[in-house]
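The values are calculated or read from the model by the stated rules, or taken from the named source; none is laboratory data. All values derive from a computational prediction rather than experimental measurement. Neighbour counts are summed over all protein chains in view; Cβ atoms, including those assigned to glycine, are modelled from backbone coordinates with ideal geometry. Remember, those area values only see protein heavy atoms, side chains included, never the ligands or the DNA or RNA. Shrake-Rupley method; radii C 1.70, N 1.55, O 1.52, S 1.80 Å.
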Amino acid sequence: MEKKRVLEESYDVAVVGAGHAGCEAALAAARMGLETIMFTVSVDSIALMPCNPNIGGSSKGHLVREIDALGGEMGKNIDKTFIQSKMLNQSKGPAVHSLRAQADKQDYTRQMRFVLENTDHLTIRQAEVSELVVEEGILKGVKTYSGAVYHCKAAVLCTGTYLRARCIFGDVSNNTGPNGLQAANHLTDSLKALGIEMLRFKTGTPARVDRRSIDFSKMEEQLGDPRVVPFSFSTDPESVQKKQVSCWLTYTNEETHKIIRDNLDRSPLFSGVIEGTGPRYCPSIEDKVVKFADKDRHQIFVEPEGLYTNEMYLAGMSSSLPEDVQYAMYQTVPGLEHVKIVRNAYAIEYDCINPRQLKASLEFKKIRGLFSGGQFNGSSGYEEAAAQGLIAGINAARYIQGKEPVVLDRSQAYIGVLIDDLVTKENREPYRMMTSRAEYRLLLRQDNADIRLTAIGYEAGLVSDERMSYVNWKIEAIDQEVERLKKTKIGGNEGIQAFLREHHSAELKSGTSLAELIKRPELDYETVKVLDESRPQLPPDVCEQVNINLKYEGYIKRQQQQVAQFKKMEERKLDQEFDYTKISGLRKEAVQKLNLYKPASIGQASRISGVSPADISVLLVYMEQSRHHHGDKK
């Protein structure tokens, strides 16, 4: 019998999925010179925003800046396609300032697709990957549903919310991906057959409604910033100053909550129809009403989905209630009394992996050459996805190049915190990045992401010489200016005392330096300019760093000392093949968890839930003894 003939092709890297993770992974590998193929169930869904129409926000803005510093695309793309931009948390310290921009959804997809389609070494293919080809624990290729075989040296799985996806509202359940797109129903079986542990998670989205059916006079207008700050360090700030669209704020009320409570028995979330676990930090409206029963109202942001559509997104009102209940509850909200729904709110369930099966490089521990990024790793959010996609793409390429993987630690980047949390902590729900998760957040500000990470992106081959030399110059310029200000002494003459009185600042008893004046809460680098005759002309980004470095100097030094301690623990490497049952004195749970996670260092071991500080002490003693033991033998 004649063997069925199938299409066969060979590439270096195969990327499965073309959402925010897939785009960054494919661009990174291709830009690093490797022949890359990216698979998607629909070319029209490249870089799709199936949920909220924005990029950034609290702590997520940090991730986008870090992606940009490393040579990723997300920041550049949102700078081209935003319709409103805002710096959040301006009243607080710089560690929590976060940029957030509303996107024109269609334009965001179109621009990202244009970049991908015009990148050398990158092939885009509309096909569903249904099987992985693995031989003796090494990835050799992928197969598509049509039977075609694509041989490759590494693959990155970025399937997002598409694997065996099911969209649900009320008693309606469709086996489709987000926005009614085709689900990917075949890869899960192949993964399970390879011994990969799968989880079932859920996320949700609110209804999209017709702008013409909204009464904005009953809502509070939310404007963008008068001066827009770009996301990308390479975007010219003048190019992003443009007319912005408004968003609107309204609130639910007791009537809304009563309708929800009266219909909870019809919610698939509470009736057991939905098996997947949802994200705690962006719950559905029915979840909020149940969990925060004492709250008499919840914020609803009404956000435009683009310049050429009347669809508006109701942020804060995601739901899986039946459509008649959706209408009833939305119409109790001020301004939405006559609202018309364009697309129903729905919950979506999907398959993802337990991320503890991954190394910090995002390579599977059991399968060499197989990497994984994005919501498939049990995270939520476009920004978290893009960050993981970028790292997985870089490391897939470096694996082929025979180089060490790029692993960012918790003191280097929010991306480091995100990946470390995924691979060392128990994840029982979709993981969301938050500023509170980063212990060293004063050092990991969004404003200094280029200083922290550009050199790493450059070494990987994703950052231009020109960009790198500017960052090197910038670091030097900041240091020199800080030194100059510390050395520039001023006395208490009448002109200076008058300046201080004018700014409600205490008068000088004796001479001081300009640096000391800048540290005063009511003064800053810009204000003391009039007292500074020898001040050089410096670009705004340098001035901003000089000001922050001086104002927070004490706190920054303290955090740097903490980081030095942290690094010591990270540098104490552990054997990843070691059997922890050999160490007496470890608690049973610790042995189980250490054998399950196989941590790479003492630092990583200390962050595994179920491993106590006492267990770490036992580990350290054991390491010390075995070192002496081996030393004696020599």
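A few remarks follow.
- Each part reduced to its alpha carbon centroid, the stretch 479-497 and the stretch 294-369 end up 53 Å apart.
- Relative contact order, percent, the chain [alpha-carbon distance under 8 Å, six or more residues apart]: 16 percent
- Averaged over its residues, the stretch 252-353 has an accessible area of 44 Å² per residue, based on protein heavy atoms and a 1.4 Å probe.
- Centroid-to-centroid separation of the stretch 382-433 and the stretch 126-143 [C-alpha atoms, Å]: 22 Å
- Distance (nanometres) between label positions extended 7 Å along Cα→Cβ at N472 and D215: 6.4 nm
- Shape category assigned to the chain from the gyration tensor of Cα positions, a/c cut at 1.5: oblate
- Helix-derived mean residue ellipticity, 222 nm - over the chain, DSSP H n ≥ 4, -39500 (n - 2.57), to 500: -11000 deg cm²/dmol
- Per residue accessible area in Å² of the stretch 72-135, where ligands, DNA and RNA are left out and the probe is 1.4 Å: 42 Å²
- The stretch 380-479: C-alpha gyration tensor shape, a/c 1.5 cut-off, then a/b vs b/c: oblate
- Magnitude of the charge dipole, the chain, Cβ model with Lys/Arg +1 and Asp/Glu -1, debye to 20: 1400 debye
- Which listed pairs, of K92/K340; K567/K598; K60/K474; K86/K202; K86/K519, have C-alpha distances above 31 Å, in listed order: K92/K340
- Residues of the stretch 465-514: accessible area per residue with a 1.4 Å probe, Å²: 61 Å²
- Excluding same-chain neighbours fewer than eight residues apart, the lysines reachable from K143 by a Cα-Cα span under 21 Å are K3, K4, K153, K192, K366.
- Charge dipole of the stretch 480-634 about the Cα centre (unit charges at C-beta), most positive-ward option of A564, S617, I548: S617
- Taking the stretch 9-160 and dividing mean pair separation by its residue count, relative contact order in percent (alpha carbons under 8 Å, at least six apart): 34 percent
- Reducing the stretch 499-561 and the stretch 91-120 to their Cα centroids gives an inter-centroid distance of 33 Å.
- Candidates N175, Y145, T119 compared by Cα position along the dipole of the stretch 109-179: farthest toward the positive end lies T119, with charges placed on Cβ.
- Carbon and sulfur %, accessible surface of the stretch 301-417 computed with the full protein complex present, 1.4 Å: 51 percent
- Checking every one of the GluC sites (Glu not before Pro) in the stretch 301-410 against DSSP loop status and a limit of 13 other Cβ atoms within 10 Å picks out E337.
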